[in-house]
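One structure is given below, encoded as structure tokens.
Values quoted throughout were computed directly from the atomic coordinates according to the rules given, and no laboratory measurement underlies them. The model shown is predicted, which means the values in this text are computed figures rather than measured ones. Note that we place each Cβ from the backbone using ideal geometry, even for glycine, and neighbour counts take in every protein chain shown.
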Amino acid sequence: MNKERVVAPEKLFPEVPESIFLFRSCTGSMEYPGTENAIKEVMKILGINIVMDPDQTCCSGYLLTCSAYKPELSLAVTARNLAIVEKKNLDTYMFCNGCYGYNRELAHIMHEHPDYKQMANDVIAKQGYHYEGKTEIHHVQELWYRLKDQIAAKVVQPLNGLRVAVHYGCHYLAQQYNILDDGGYPTFHEEIIGVLGGTTVFYKERQMCCGYSVGRGFTHKETTVQPHLYKKFKSAKEAGVELMTTCCPGCNVGLDREQPNLTERYEEEFNIPVIDISQLIGLAFGVPLAKLGFEANTVKLDRVLEKLGIGKGDSHDH
Amino acid sequence: MTTDLNKRALVVGAGLAGMEGALKIGSAGYEVYLVEKEDTMGGVTNKLYCSFPRWENPRQLLDDRITQINNTEEIRVMTGTVIKSARRDGDRFVVDLQKAGNQTEQVAVDAVVLATGFELMDASVYGEYGYGIYPNVLNSLEFEARLKEWSSGSRVDTPKSVAFFKCVGSRDRSKGYPYCSKICCMYTAKQAGLTRELLPETKAYVFYMDYRAAGKEYEEFVRSVIETKHVRYVRGRPAKVLPENGRLLVRAEDTLMGVPIEVEVDMVVLASAAVPRKETKALAEMFGAKTDQYGFLENESFNPCQTGDRVFFAGACGFAIETAGAQTQGAAAAAEVVALFNRAGQEAC
């Protein structure tokens, strides 16, 4: 394991915060609203207060990746969002790898180049905002890892050996510094799933990209994305995976929405539901199903819920 | 000409460079303490099965040097010994040595040659290559031990296919080693060639960015490995090593063909960056020597083997070096020490 660039969770969070600013994700809200809700429910159980703000907009990553705007302009979007958080004197917690990556990257640019920060501040000053650069940017999953023991203590619905496979997402692992684990061979999600009572499955294509960013929404899906995802799901199926977790709604879209197309094209059934790791923690914490929003999933969780003995009409649903 | 033969030198490290330095200083008639932390002389060369570019067994070279050292009464070999501390006293150094069993000894010397050698970067910084995760992912020194075992017959399980990765760490700014480690192109060619020679049924692949064979007979050596030993050179950096059917799957790009490729192998050998030993920096501080940003010893201007006042250096503690170069540097550092001692002797008259 790459120890030099890995940060211990206790170093990343010397103290567990009482309140956090939860940064909404466009993809998360539109595609899988259950993720944000699951985070709120789990944080409530762990005693951490969540603050949000309706004025917070898209992280600006989409503007950049679609080359719709110059980075100088999306810097102002980032500065404005982070200025909103700074007013509340909180640190920023993302639950999307895209939001995490772009905010970190752009905040870093503004930190290293004061003239860029000034440029962004000049733009947002017209709306009465000012960004200093003091809010720290974290990923919610990092807090889950920091609170692994507390999470273990709150499990009321153990996963009973459910075979869970992890998908980390490139945009978290590709961060060069200050991430929780070795980007080349991470294992911290497996540890979290372990304390929930799941059996973690190391399938061969574990670290293969979700396919979302290489063109799910754009062109050449048939030549690029589907053969790639077929490889990934084939290896997960061979390893006997029953459920896959992500920590990014974009990955969830790539892995969940495309499965019926794979089945149609390759005439092979996978039926591997994909949910956010926060939703899985919520499930193990006994959060009612209605609050976890699995209805949004293309590949249904029926088989998983049946195995765990959770069904409609159970106390779970109240 | 009169010389003062009461001068004494300290050589730290009994690898090829240190041994050569001690031998030359001793042969000139000056006393030498040759201090080595390991129990035997030879350093990294001890671990090598074969040297390049002449396919020689370095054991013969080492045995020759060890015999000569043992026959040179001016040299006192102190294996299993480390330098605890050193302080300057006029033109001399007073050095505290720690031997096995916590025994200590104090010596006074008039010049020092640092020859502390090198080690390999911890290859586990590349999680994607699985060093430390999969048992058959080795670094190149560990593979050298396998070559010895296959050659002697003490190990019978042999791989059907071996992949060698070059530039693991070296030339990677993100890992903090922007430099070329210089020796890996040659020793990887050697190891791949030996694999084919010892295990003719085994396939050998070398994944490379480019190969740098600048040295006498070097280019011919690499070409011979490709052309007569049929080692397959693939230009492209591997992306990942994955477990597959009890073997290892190497996923890479063949940049000459412009296609992604997958090769199933049984063993992966990582040519990790050559880095200075950690103790080199501490020793340099004790003796007032200079180190560079990586911890290699740094020379003073215009003198390629001097690193401080009365402090010289030789071998891979200055930068990665092949066996012949280490010997040359050891002899050069010795020449500096002998010249210094001779001159001091003349001035004293």
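Observations on the structure shown:
- Ordering of A:25-35, B:329-339 by burial proxy (mean other Cβ atoms within 10 Å per residue, highest first): B:329-339, A:25-35
- Dipole of chain B, positive end: most advanced residue of B:VAL112, B:ASN71, B:LEU283 [Cβ charges, Cα centre]: B:LEU283
- Separation between Cα centres of segment B:1-57 and segment A:22-56, rounded to whole Å: 67 Å
- Remark on segment B:210-349: ratio of C-alpha radius of gyration to 2.2 N^0.38 Å is 1.55.
- Shielding by partners - mean other protein chain Cβ count within 10 Å, residues of A:201-212: 2
- For trypsin sites (Lys or Arg not before Pro), the sites in segment A:250-311 that DSSP calls loop and that have at most 13 other Cβ atoms within 10 Å are A:LYS300.
- Reachable aspartates and glutamates from A:LYS40, criterion Cα separation under 15 angstrom, eight or more residues apart if same chain: A:GLU18, A:ASP53, A:ASP276
- Ranked by how many other beta carbons lie within 10 Å on average, peptides A:126-136, A:103-113 from highest: A:103-113, A:126-136
- Across all Cα atoms of segment A:208-301, the radius of gyration (one decimal) and Dmax (whole number) stand at 13.4, 42 Å.
- In the protein assembly as shown, one over the average inverse separation of all distinct C-alpha pairs is 28.8 Å, which is the Kirkwood hydrodynamic radius.
- Counting neighbouring Cβ atoms within 10 Å and putting the fewest first, the residues A:GLU36, B:GLU73 line up as B:GLU73, A:GLU36.
- Among B:11-21, B:247-257, the peptide with the highest mean count of other Cβ atoms within 10 Å heads the list, and the full ranking is B:11-21, B:247-257.
- Each DSSP beta bridge with both residues in chain B is either parallel or antiparallel, and the antiparallel ones are about 50%.
- Cα gyration tensor shape for segment B:273-319, rounded if a/c is under 1.5, else prolate or oblate: oblate
- Reachable lysines from B:LYS7, criterion Cα separation under 16 angstrom, eight or more residues apart if same chain: B:LYS24
- Segment A:135-212: C-alpha gyration tensor shape, a/c 1.5 cut-off, then a/b vs b/c: oblate
- A straight line joining the Cα centroids of segment B:68-136 and segment B:206-285 runs 30 Å.
- Here the alpha carbons of chain B define both size measures, Rg and Dmax, at 22.0, 77 Å.
- Both radii were evaluated on the Cα set of segment A:1-159; the Rg over Rh quotient, with Rh as the Kirkwood radius, amounts to 0.99.
- Dipole-positive endmost among A:PRO114, A:CYS96, A:VAL51 within segment A:1-138 (Cβ charges, Cα centre): A:CYS96
- Degrees, to the nearest 10: A:71-87 long Cα axis against longest axis of chain A: 90 degrees
- Charge dipole magnitude, Cβ of K and R +1, D and E -1 - the protein assembly as shown, Cα centre, debye nearest 20: 480 debye
- Cα pair distances in chain A, grouped into 20 Å bins until the bin that holds the longest one, percent each: 32, 58, 9
- Cleavage-rule hits (trypsin sites (Lys or Arg not before Pro)) in segment B:61-136: DSSP loop, at most 15 neighbouring Cβ within 10 angstrom: B:LYS99
- Candidate lysines - alpha carbon under 25 Å from B:LYS175, same-chain residues fewer than 8 apart omitted: A:LYS3, A:LYS11, B:LYS166, B:LYS240, B:LYS278, B:LYS281, B:LYS290
- Mean per-residue shielding of peptide B:124-131 is 6, counting Cβ atoms of other chains within 10 Å of each Cβ.
- Reduced Cα scattering model of segment B:86-177, Debye log10 I(q)/I(0), q = 0.13, 0.18, 0.19, 0.24 Å⁻¹: -0.75, -0.89, -0.93, -1.26
- Hydrophobic, long helices, defined as DSSP H runs whose alpha-carbon span along the helix axis is 27 Å or greater and whose mean Kyte-Doolittle value is at least -0.5, occur in chain B at B:323-348.
- Separation of segment A:220-252 from segment A:125-143 is 33 Å, based on Cα centroids.
- Evaluating 6.51 cos²θ - 1.76 cosθ + 1.60 at θ = phi - 60° for every residue in segment A:38-46, the Karplus couplings come out as 4, 4, 4, 5, 5, 4, 4, 5, 7 Hz, glycine and proline recorded as x.
- Compactness check for segment A:127-276: Cα Rg over 2.2 N^0.38 Å is 1.16.
- Using Cβ point charges alone (K and R +1, D and E -1), the dipole size of segment B:90-223 about the Cα centre works out to roughly 440 debye.
- Of every Cα-Cα pair in segment B:92-251, the percent that sits beyond 27 Å: 37 percent
- Put a plus charge on the Cβ of each Lys and Arg, a minus charge on the Cβ of each Asp and Glu, and nothing anywhere else: the dipole of chain B about its Cα centre is then about 580 debye.
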